[in-house]
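In what follows, a structure is listed as structure tokens, so that the remarks can point back to it.
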Amino acid sequence: MTGYGKTVLQLPSKKISIELKSLNSKNLDLNTRMPSAYRIKELEIRKLIANRLVRGKIDFSLYVELTGEETSSKINQSVVKEYMKQLRQIATGEDTHLLKMAIGLPDAITTERDDVDEDEWAMIKEEIDTTLDKISTYRADEGAILKEDFSARVDTIKKLLDEVIAMDPERIDGVRARLEKGIADIKEKVDENRFEQELVYYIEKFDITEEKVRLENHLDYFLKALNSKDSNGKKLGFIGQEMGREINTIGSKSNYAPMQKLVVQMKDELEKIKEQLLNVL
């Protein structure tokens, strides 16, 4: 599911920004960005996020901005002086120019890696939880909108199915009429009893009673799972597949243009449901 959350932790000498973004994905795909000093906590951060967000393409970012006098980068004076001494031997110029060249050479700047202070980490961890709360709220709001959309589309499919059911006797009469006309056009005498038996057998092949009942059950089950408090995204996906199977069978058996038009409309609604199911946990 899509979502976004951000918090800022202000410490005496630094400002730490924590940001979480999520996009649709069938599984959990977590990407983290943070300064090297905090990599020691990456596994713990991943567990915190996985336990809360479960699913989605997640981007986690931790930014550190130094606001005090502290810095982890130091000028390696002995190395810089040696560089300048060597540069004077092969080039002429002011010391300021040579210094600019020396600073850009390897090992002129060293970065001290400090361990993460546990008190600081406790505050960062609390901010991560707060950020997770924000992105979860964002997702919940989106989920409420999706729930309304799913309910409306299932209701539309139910109404279309009611039209199919109401049209079914007309369809069967049409099939019977076409067969009788075909026999009449042949201008051959047939055994009426045998013809009736064959007609009943043929029409039974086009019977969609079982499909109608199963589709109604699937629609009701979908709404029941949708209203559950549990995480049912995958279950809804499975039910959607079963709904599609019944709709396709009704379409293949209908052999009646007005009914097939309704089937196409049901398929269209179901496809829109399937597209949005990727957003559901």
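None of the figures in this text is laboratory data; all of them are computed from the coordinates on show. Values in this document were obtained by computation on a predicted structure and should not be read as measured data. Here Cβ is always computed from backbone atoms with ideal geometry, including for glycine, and neighbour counts include all displayed protein chains.
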Once phi for every residue in region 29-39 is put through the Karplus expression 6.51 cos²θ - 1.76 cosθ + 1.60 (θ = phi - 60°), the whole-Hz ³J(HN,Hα) values, with Gly and Pro written as x, are 10, 9, 10, 10, 10, 6, x, 4, 5, 9, 5
In the Gaussian network model of the chain, springs joining C-alpha atoms below 10 Å, which of PHE60, PHE150, PHE206 carries the largest mean-square fluctuation? PHE206
At 222 nm, what helix-only mean residue ellipticity would the chain give, in deg cm²/dmol to the nearest 500, using -39500 (n - 2.57) for each DSSP H run of four or more? -22000 deg cm²/dmol
Which of LYS21/LYS125; LYS26/LYS229; LYS74/LYS134 exceed 28 Å between C-alpha atoms? The answer is LYS74/LYS134
Span-rule helices in the chain, defined as complete DSSP H runs reaching 24 Å or more along the axis (Cα) with Kyte mean at least -0.5: 118-186
Return the subset of LYS147/LYS235; LYS57/LYS224; LYS181/LYS212 for which the Cα-Cα distance in this structure is over 21 Å, preserving the input order. LYS57/LYS224; LYS181/LYS212
Qualifying lysines (Cα of each under 23 Å from Cα of LYS81; at least 8 residues distant if same chain): LYS100
Between MET34 and residues 5 or more places away or on another chain, the pairs with built amide H atoms under 5 Å apart involve LEU62
For the chain, size of Cβ-based charge dipole, Lys and Arg +1, Asp and Glu -1, in debye: 560 debye
If you take the beta carbon distance between ASN227 and ASP133 as r and set R0 to 22 Å, what does 1/(1 + (r/R0)^6) give as a FRET efficiency, to the nearest 0.05? 0.40
Answer label, with mean projected area of the Cα convex hull in nm² calculated from the coordinates and candidates [x] 19.4; [y] 15.4; [z] 26.4: [z]
What residue among GLY174, GLY56, GLY93 shows peak mean-square fluctuation when the chain is described by a Gaussian network model with Cα springs under 10 Å? GLY93
